[in-house]
Amino acid sequence: MVVRPLVSIVDDDESVRESLPDLLAELGYAAETFASAEEFLASDCIDRTRCLILDMAMPGMSGPDLQRELTRRRRAIPIVYITAYGDDMVRPHLLARGATECLFKPFSDTALRDALSSACLGR
Amino acid sequence: MTDAVSMDTDARLETAIPNGAASLESILRTDELLDRPSRPPDYAKENSALVALVGALADHPATILQTLADKVLDVLQADSAGLSLLTRDGNRFYWAAIAGAWGPHIGGGTPRNFGPCGDVLDRNVPMLFTHWERRYPYLGTALPLAEEGLLVPFFVSGKSVGTIWAIAHNSRRKFDREDLRLLESMGRFASAAYQTVDSIEDLKSQITARERAETELRKLTDGLEGQVLLRTEELGRRNSELSEARARLAEEKFWLQRSEAFLSEAQRLSHTGSWHLNLRTGKVAWSQELAAILGPDAEQTKDSDPLFLQRIHPEDRATVAQARAAAFSEKKDFELEYRLLLPGGAIKHVHAVGHCLASEPDTEYIGAVLDITERKRAEEELRRSEAFLAQAQRLSRTGSFSWRVATDEITWSEQLYRIFEFDPQVPVTLASIRARVHPEDLHLVDHIVSWARGGIGDCEYEHRLQMPDGGVKYLHLRVHGVRDEQDRLEYIGAVQDVTQRRLSEQALDKAQTELAHMARVSSLGVLTASIAHEVNQPLAGIINNANTCMRMLAASPANIEGARETARRTIRDANRASDVVTRLRTLFGKKDVSAEPVDLNEIAQEVIALSLAQMQRNRVVLRTELGDGLPRITGDRVQLQQVILNLLLNASDAMSGIDDRPRTLVVRTVADTGGGAQLSVQDAGVGLEPQALGRLFEAFYTTKAGGMGIGLSVSRSIIERHHGRLWATPNDGPGATFSFSLPCTAEAAADGSPAFRIAAVTDAEHVMRSL
C-alpha cells in the first residue's frame, strides 16, 4: 500500500475541518485537522506533514504567524493558504513570502488538487 | 461853670481822708453787681425816658440836667439820683442836678480826690459803693446816708467830665446789672446834655456882647440885606443843582459798579479775560479774570505787557510776538491761538483776539483772552477715543454706520469704508451699497431696507459682498433703530467682516464632511469584508462537501455512505450560511415598516428644516412651492423622509461646482392627476448625461467622485414599496429634476423582499449621505 502523503489542515472554521479531510482522501492524501496554529505546533505531525493547508485569519496565531514560527524552527513545509477574505492584495503578498498557493474560499476541488500537487511534487 | 458851692464849708474838709478810714476796696460792691439776680431789661421804659430827655433837650435846654436826674431816679427806681460835674479847673465836683431824697443837696459837691466820683474817674469804670461815708467822712454829712451808690462816668470828646449816679438809702433796693445798663445808657445822653449846658453857659456869657455887636452889624448890613438875600437864593439853587448832579453821579457810579461786577462775573464764568493796551505809552490794563488766567501770582503783580508775553509758552512766544507786532504795525485786528506756560509748569491753551482802536495820537488795542484749556482737553479726549474706536474697529474688522431714514443720510466709520473698499472721499448712498451686495443676497438686503423704513426695530443678519475683483466678503450686521429728539427715525449699526470666519467654517465643514465620508466608506469596506468572510466560510464547506460527494458517487464502487454524509454536511453548511444572512439582517435590519397617514408637505418641511444649515453652507438658495390640498398618503414617514433628504442632498451635490449661476433648488409638491401626491426636487446643477438616465437607479451606479451609487437605488426601492414611482427628468435649463409620486391610498405593505430589506439599511441620514 502506498503511503499517502500527510496534509495538515489548520483552520478555526469547523466546516472546513469537517469537509476537507474527505475531499483530500478522495484526492489521495491523508489529512489531520487542527483548530489553531498552537494546536498544530503542539502536535507530533509537524515532521510528517508534507503540505500545510493554512487558514490565514484565526484567533490567536494567524496563518502567517505560524509560517514564521515554522521558518524559525527550520521546518520547511509547503503551505497552501485558504482565506475567506477575498482580497486580491493578499495573494501576491503571501506568494512572495514563500507560500505555494493562496485559495479564496470557496475554492474548487481542482484548484485544491493543483495546489497540493505542486506543493508535494515541486519540492 | 459857675462855682455855686460854698468854698468856706469845703475848705475845712479838703484833706479829710482820716487815718483809720475804711479802704476803698472795702466799700466797693462792683463785683457783686454782675452776680446779683437781675430784672429783665425794660426797653420800653428806657426808650420813653430817652425820648422825654431828647424832647427836654430841645425845648428846655437850661433844665436838661435836672430832667435827666429825675428820669434816672424814675427809671432806676432809686431813692436819689444826680450828676456830678468837674469844675473847669478840675479840682472839684459839684452836684449839678439832684432828684429824690438828696434833692436839697443840689449845688453841693466834693473835692476831686475825696469822694467816689474821683474814684470813678480815676478808674474810668462804673462802680458800686456801699456806705461811702466810712471812707469819705465828708459824705457823712449828706443825709440820708447812702446804703448803695451806683456811679457811671461820662465823657465829652474822650475826656471824662463827670459822673451820673443813683443812690439807695436803705437795703430795700439793691442795684443790679440792668440798673447798670440803664445808667450807662443815660450816661451817654448825659454827655450830650453836658455839652448843651456848657454852650448855654457860654452863650449866657457871650450873648450880651453879641447882641451889641449884632445891633451894630444890623445897622451896617441893612442896605446889603436885599443883595444878600438874592445871593443866598442863588447859592441855594446852585447848591441844589450841585447836589442833584452829585446824586446822578452816584447813581451812575452804582450802575457802573454793578455792570463791572456783572462783567467780571461773566468773564470768570466764561474763562475770558480782557485787556487794554496803549501802544504809545505801553500802559496796559488787565481784567481780574485775565490776571487769574495768567496765574495766581499775576493777580498780585502790576499789569504789564512784558509779563504777559513772558507767560506765553516758549515754543509759541515768537510766533505770537511776531503776529502781534505785525498787527500793531498795520493797526489791524488779530486773532491767535497759543499756549501759556505758567510758573509751576501748568499749560493753558488760550484763544486771543485783539481789536485796534485807532485814535490819534494814541493807538490803543482792546482784546480778550479765552481760556480754552478744557475745550482742548475735551477735544484731545475725543480725538483719542475716536482713535481708539478706529483702532478697535480695525482690529475687530468691525465698522459702524448710521442711517437717517427720512433723508437717507448715511455716516460711515473709517473701517466700514475699508470693508466695502469704498473711497472715503465719496459720500455713501444706498445705491452704492446695493451695488456691492452679492447679487444673490440683494433680495435680502432690499427686504431689510424696506422693513427698516417701515418702522423702528432691531435686527441681525448676514449677507455677502461681491467685490470688484470677484472676491466675496461675508458681513454680519446688527442694526438698532432709534428716534432722535425730533422723533426722526435713525438706524445705527455695527458691521463685522466675518469672511475669515465663514471661510474657515466652510473649510472645516468640508474637511469634516470628507472625513466623515472617508470613515463611512472605509467602515463600509470593513463591513463588506466581514459579510464576505461570514458567508464564504460556510460556502467553502458547502463546495468542499459537494465536491467530495460528487467524487464519492463517481468512484467505483460508489461510496454511497460517504456521499450521504457529505450531502448531509452540505445541507448543514447551507443552513449555516442562511443563519449568517439572518444574523446580518438582525444586525443591520430596519425596524418593521410602519403605515401611517403622512402629510407630504409636512414631512418635506421637516426635512428642509433639518438640511437648511447644510444647504446654506453649500450656498444653495432653497425655494419651496408647496401645493395646497394635497391628498393624504399612507406610508412610513421616516423612510419617505430618507428619500426626500437623499434627493435634496443629491441636488445640493450636483450644484457644488456651479459658480456661474445661483445654486437654486426648488422643492415643489402638487396633487398629481392620478389622485396622488407628487414631490419634485429641481436643481440647477450639472444635469444628466442621456446615457446615464437609464442606469441612474441601479445599485452601485454613481456619477459622484465619493458616491457608492446606493442612494437612488434605495430611494426607488422605498418609493416602490409605497406603490409609488421615482423618476428623473432633465430640465429645460441647467440641472435636473427628480420626482416621486405616491398614490393616496398606498398601502405600505411590507412584502419583506430581502433585496429591499437589505437596501433599506438603517440610520437614514448617515448612511444615505455617505452613499
(message) For the range B:401-435, give me the residue count where each residue is in contact (Cβ under 8 Å) with a residue 60 or more places away in the chain and farther than 27 Å from B:ASP487 by Cα.
(response) 1
(request) Any chance you could count how many residues in the range B:266-288 are on the phi < 0 side of the Ramachandran plot and either more than 29 Å from the chain's Cα centre (by Cα) or basic (Lys, Arg) (or both)? (result) 16
(request) Those residues that are more than 17 Å from A:ALA119 (Cβ to Cβ) and surrounded by fewer than 23 Cβ atoms within 10 Å (Cβ to Cβ), I need them from the range A:14-24; list them, please. (result) A:GLU14, A:ARG17, A:GLU18
(request) Please report, ordered by residue number, the strands (runs of 3 or more DSSP E) entirely within the range B:257-353 with at least 2 residues that are touching a Ser or Thr at 6+ places or on another chain (Cβ under 6 Å). (result) B:272-278
(message) I need the full set of residues from the range B:566-585 which are at the interface with chain A (Cβ under 8 Å from one of its Cβ atoms) and either farther than 15 Å from B:VAL535 by Cα or out of contact with any Ser or Thr (no Cβ under 9 Å at 6 or more places or on another chain) (or both), in order please.
(response) B:THR566, B:ARG569
(request) Please state which of the following conditions B:GLU490 fails to meet, knowing it meets all the rest: (1) under 36 Å from the mean Cα position of the chain (by Cα); (2) outside any strand (DSSP E or B); (3) farther than 16 Å from B:THR398 by Cβ; (4) not aliphatic (A, V, I, L, M). (result) (2)
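Take the conditions within 13 Å of chain B (Cβ to nearest Cβ) and touching a Leu at 6+ places or on another chain (Cβ under 7 Å) and apply them to A:TYR29. Does it pass?
yes
Which of the residues spanning the range B:543-565 are in a helix (DSSP H, G or I) and more than 7 Å from chain A (Cβ to nearest Cβ)? Steps first, answer last, please.
Going through the range B:543-565, the residues in a helix (DSSP H, G or I) turn out to be B:543-554, B:560-565.
Those that are in a helix (DSSP H, G or I) and more than 7 Å from chain A (Cβ to nearest Cβ): B:ALA546, B:CYS549, B:MET550, B:LEU553, B:ALA554, B:ILE560, B:GLU561, B:ALA563, B:ARG564, B:GLU565.
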(message) Give me the residue from the range A:69-123 that is hydrophobic (A, V, I, L, M, F, W, C), more than 14 Å from every other protein chain (Cβ to nearest Cβ) and over 30 Å from B:ARG551 (Cβ atoms) and, out of that set, surrounded by the most Cβ atoms within 10 Å (Cβ to Cβ).
(response) A:LEU70
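Residue-wise test of (1) of a type in the set (Asp, Glu); (2) within 14 Å of chain B (Cβ to nearest Cβ); (3) without any contact (Cβ under 8 Å) to a residue 24 or more places away in the chain.
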residue	(1), (2), (3)
A:ASP11	yes, yes, no
A:ARG17	no, yes, yes
A:ARG48	no, no, no
A:ILE53	no, yes, no
A:ALA57	no, yes, no
(message) Restricting to the range B:301-355, name every residue that is within 38 Å of the chain's Cα centre (by Cα), surrounded by fewer than 17 Cβ atoms within 10 Å (Cβ to Cβ) and among the small types (Gly, Ala, Ser).
(response) B:GLY344, B:GLY345, B:ALA346
(message) I'd like to know if the range A:37-45 contains one or more residues that are within 14 Å of another protein chain (Cβ to nearest Cβ), buried (at least 16 other Cβ atoms within 10 Å of the Cβ) and either at pLDDT below 95 or in contact with a Gly (Cβ under 9 Å, 6 or more places away or on another chain) (or both).
(response) no
(request) Could you figure out which of (1) outside any helix (DSSP H, G or I); (2) over 15 Å from B:ILE27 (Cβ atoms); (3) touching a residue at least 60 places away in the same chain (Cβ under 8 Å) isn't true of B:LEU183? (result) (1)
(request) Could you list all residues from the range B:657-677 that are of a type in the set (Ser, Thr, Tyr) and at pLDDT 85 or above? (result) B:THR664, B:THR669
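Taking the criterion of being touching a residue at least 60 places away in the same chain (Cβ under 8 Å) and surrounded by 14 or more Cβ atoms within 10 Å (Cβ to Cβ), would at least one residue in the range B:623-630 satisfy it? Walk me through how you get there before you give the answer.
Keep residues of the range B:623-630 that are touching a residue at least 60 places away in the same chain (Cβ under 8 Å), which gives none.
No: the range B:623-630 contains no residue that is touching a residue at least 60 places away in the same chain (Cβ under 8 Å) and surrounded by 14 or more Cβ atoms within 10 Å (Cβ to Cβ).
The values are calculated or read from the model by the stated rules, or taken from the named source; none is laboratory data. Just so you know, these numbers come straight off a predicted model, no measurement behind them. Note that we place each Cβ from the backbone using ideal geometry, even for glycine, and neighbour counts take in every protein chain shown.
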